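Some notes on the structure that comes next.
What follows draws every value from the coordinates through simple rules; no lab data is involved. This structure is a prediction, so every number in the text was calculated from the model and none was measured. Cβ placement follows ideal geometry from the backbone for every residue including glycine, while neighbour counts extend to all protein chains displayed.
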Amino acid sequence: MIVITAALGAGIVFGAGLAFAGMLSPSKVVGFLDIFGAWDPSLGLVMAGGILVNATGHYLVMKRKKPVFEAKFDLPSSQIIDRPLLLGSVIFGIGWGLAGLCPGPVVASLLLQPVDMLPFLAVLLAGGFAGRWLRA
Amino acid sequence: MDIAWSEFTPLASFAGGAMIGAAALLLMLLNGRVMGMSGILTGLMVGHADRLWRLAFVAGVIIGPFLFIAFSGAQVDRQPVASGPMLYIAAFLVGLGTAVGSGCTSGHGICGLSRLSLRSAAAVMAFMASAVITVACMRFFG
């Protein structure tokens, strides 16, 4: 139960942070990616703020033997830079550039803009299934 | 390069970014999990045993913006850039790409870069480059 409450709390902070940062506006996201137009550097500061807090904290957290509520840290083990990683990321970037939406803001906008975001999420999940099938 | 000073929101974006980083840190410190939105969504779909925490996280992400609006009194601007078929092509590519590439802006960007993962750094460079090129193509040919 405590694990679920912790996940809920982290989700709330993430969703509120996305809203505060301006990440829920696709036009602002595209304004950052549009380096040949009128460039809005804001999203660089979102990344900087996020990494500053998380990198400093992560370094300290890793001094612990285990997380507070679970038996072990569940960290990705793969360190290989392979073709699926790069090709998948390039495909993701195309979709991100076209719509200005990545998965976090899509979920955070679900009830703010349900008419657009519910079908968007459904198609996104269909793409995810296709991706898993391709990799299998 | 022209900078859109009227759009630039350095304080809100930095503070919001710090909250995103704090959320990732909380999930790692408390539950030992990486805060990657695409991976958490996939885990929900494919029937992992530990579906409940993912569901709770997703519920939190949905509620979060409403709490932000309630406490700050601020408006949340959501100006779309794509519509119609283009919106759904984009949605499919985002789902496909993050599944094949094992992560998105939160997992590779906020979490991977913070743990100094070279794999995530390569992914971030790949999706940033393709997103910038896509937006440039839309500007010049769209």
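Could you compute the net charge surrounding B:SER102? Neighbours are other residues with a C-beta less than 11 Å from the C-beta of B:SER102; K and R count +1, D and E count -1.
Within the 11 Å Cβ shell, the charges total +2.
Straight-line reach only, C-alpha to C-alpha below 18 angstrom: list the aspartates and glutamates that A:LYS28 could link to, leaving out same-chain residues fewer than 8 apart.
Once the sequence-local aspartates and glutamates are set aside, what remains near A:LYS28 is A:ASP40, A:ASP116, B:ASP2, B:GLU7, B:ASP77.
Whole-Hz Karplus ³J(HN,Hα) for segment B:2-12, in order, using 6.51 cos²θ - 1.76 cosθ + 1.60 and θ = phi - 60°, x for Gly and Pro?
8, 9, 7, 4, 5, 8, 5, 10, x, 5, 4
State which stretch of chain A is the longest one without any exposed trypsin sites (Lys or Arg not before Pro), exposure meaning a DSSP loop state and at most 16 other Cβ atoms within 10 Å.
A:73-136
Could you check the spin-label model distance between A:PHE129 and A:THR56? Points 7 Å from the Cα along Cα→Cβ, value in nm.
Computed distance between label sites A:PHE129 and A:THR56 equals 4.4 nm.
Return the sequence-ordered ³J(HN,Hα) values of segment A:118-127 in whole Hz as given by the Karplus equation 6.51 cos²θ - 1.76 cosθ + 1.60 applied to θ = phi - 60°, using x for Gly and Pro.
3J(HN,Hα) across segment A:118-127, in whole Hz: 5, x, 4, 5, 4, 5, 4, 5, 4, x.
Sequence-distant or interchain residues sharing an amide H contact under 5 Å with A:TRP39, placed H: which?
B:ASP2, B:ILE3, B:ALA4
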